[in-house]
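A short worksheet on the structure shown next.
The values are calculated or read from the model by the stated rules, or taken from the named source; none is laboratory data. Keep in mind that what you see is a predicted model, and the values were worked out from it rather than measured. Here the Cβ positions follow ideal geometry from the backbone for every residue, glycine too, while neighbour counts run over all protein chains shown.
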Amino acid sequence: MASKEELKALLDAPINLMPNTYLHFYSGGKLRAEFMGEADPKDDYRSEEWIFSTNRAVTPGRENPPDKGFSRIQLPNGEIVLLKELLDAFPNETLGKAHVGKFGTDLGVLLKIFDVGDGAHIPIHWHPHPEFSKKHLNSPFGKNEAWIVIGTRPGAKAWIGWKEDLGVEEFRKLMDAQDIETLRSLMYVVEPKVGDVIFLRTRFVHSLGSGLCILEPQEPTDWNILAEWEGFPYGKEDGNLGLGWDLALEAGDFSKMELDYLNGYIRRTPETIRSENGSREDRLVPNEAAEFFQVSRLTIDSKLSMPAGKGFYCLVTLQGEGKLSGSFDDAPIRRGKSVFIPTCLSDYEIVNTGDTPMEVICCYPPVVN
């Protein structure tokens, strides 16, 4: 455990978030490792990086220690500790009184990277919505999520929603037979490109194929109802969150998804919300997502001001290099590096020090009313 004095020393500047990966049940990680700047990137089941998290990760078929998934930070003396220690010690300074009043010293949001390796895929699955979670999972959170595509391999694709009404009984028959080929044939195929954004509400059934590396802001849970088990290190009953399949199927949507909804709402068109010095900030998710999380993309040509008073958030640099310049020593940032901006930090600027525009994702917690 760090001392309060050691933790307090971090509050006067942006706080670097340390690498935080682990073994998952699906193969991947090469593009994730490349993005993070790791040596010898490869697919090795370290397919997820939990960047900004006060959540425990629970992976079927793997070891799940109590602090798995929790973000790490580095003290001035070089020791690595949990971000949660800082939040517990200085809740109002880091998170703000309103957030603490509603969520305690948890972030209320989760930001991670997942990378699906060659020949691998993420199973057909869906997520419970918040009301279902409150009733059946003892949690106020579901798993509304957004996908920001940060890397692809040839042939990268995903499957989202049903082209026609399927119905729960027909789905269950195909699921029990593990007829994945037929199930996928009934779903829309999406071929995302780097820079694309998808906002996926809970209940929609989806799957991700080989070659997608995604930065994912989401509600802070690991609720996944997994309709595939053949070829994965878990069994049929491990995929339903302990709910049993009758109840788990109630959390999914097996009705037709209109194509206009897929292309006009789920697949996002960024909206510019401010411009400055040839730089801009684009909102990536719809306004109604604010009850779950907020996320914008900063494109920085020379510099962009970041005013105080917006609460806490996380910055992830997608492209380029630069520095955060304010009342603290300049803090360098570059592709693959992430920082925590606590509520107490004063205004500052993001300054581009490279030869090409910077791209930075800004991930906020839910709006507290």
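Per-structure values
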read-out: F292 vs. criteria surrounded by fewer than 19 Cβ atoms within 10 Å (Cβ to Cβ), among the aromatic types (F, W, Y) and not assigned by TED's automatic domain parsing to the domain that holds G142; value: no
read-out: Scope the stretch 22-63; condition surrounded by fewer than 21 Cβ atoms within 10 Å (Cβ to Cβ) and β-branched (V, I, T); matching residues; value: V58, T59
read-out: Selection status of K236, surrounded by fewer than 16 Cβ atoms within 10 Å (Cβ to Cβ), out of contact with any Lys or Arg (no Cβ under 7 Å at 6 or more places or on another chain) and at negative phi; value: yes
read-out: Boolean, R335 is touching a Pro at 6+ places or on another chain (Cβ under 8 Å), among the charged types (D, E, K, R) and touching a residue at least 24 places away in the same chain (Cβ under 8 Å); value: no
read-out: Checking K84 against (1) out of contact with any helix residue (DSSP H, G or I) (no Cβ under 9 Å at 6 or more places or on another chain); (2) more than 24 Å from Y22 (Cβ to Cβ), the condition it does not meet; value: (2)
read-out: Where L243 falls short, out of the listed (1) touching a helix residue (DSSP H, G or I) at 6+ places or on another chain (Cβ under 7 Å); (2) surrounded by fewer than 14 Cβ atoms within 10 Å (Cβ to Cβ); value: (2)
read-out: Positions within the stretch 11-38 being at pLDDT 95 or above and over 21 Å from V149 (Cα atoms), in sequence order; value: L11, A13, P14, I15, N16, M18
read-out: Any pair with Cβ under 7 angstrom, 6 or more apart, that starts in the stretch 248-267 at a residue that is under 24 Å from V149 (Cβ atoms) and ends at one that is of a type in the set (V, I, T); value: D253/V205; L262/I160; I266/I160; I266/I198; R267/I198
read-out: Number of the exception - P41 against (1) at pLDDT 95 or above; (2) part of a loop (DSSP other than H, G, I, E, B); (3) of a type outside the set (D, E, K, R); (4) closer than 29 Å to F312 by Cα; value: (4)
read-out: Extreme residue, farthest from the chain's Cα centre (by Cα), among residues of the stretch 150-202 that are of a type in the set (K, R) and either assigned to a loop (DSSP other than H, G, I, E, B) or closer than 30 Å to M358 by Cβ (or both); value: K163
read-out: Residues within the stretch 316-369 that are surrounded by 19 or more Cβ atoms within 10 Å (Cβ to Cβ) and modelled with pLDDT under 95, tallied; value: 0
read-out: Condition check for V194: in contact with a Lys or Arg (Cβ under 7 Å, 6 or more places away or on another chain), surrounded by fewer than 16 Cβ atoms within 10 Å (Cβ to Cβ) and β-branched (V, I, T); value: no
read-out: Spans of helices (runs of 4 or more DSSP H) in the stretch 61-115 with at least 2 residues assigned by TED's automatic domain parsing to the domain that holds E230, free of Cβ contacts under 8 Å to residues at least 60 places away in the same chain and more than 21 Å from W223 (Cβ to Cβ); value: 83-89, 97-103
read-out: Meets criteria (modelled with pLDDT of 95 or more, of a type outside the set (S, T, N, Q) and surrounded by fewer than 20 Cβ atoms within 10 Å (Cβ to Cβ)) for I214; value: no
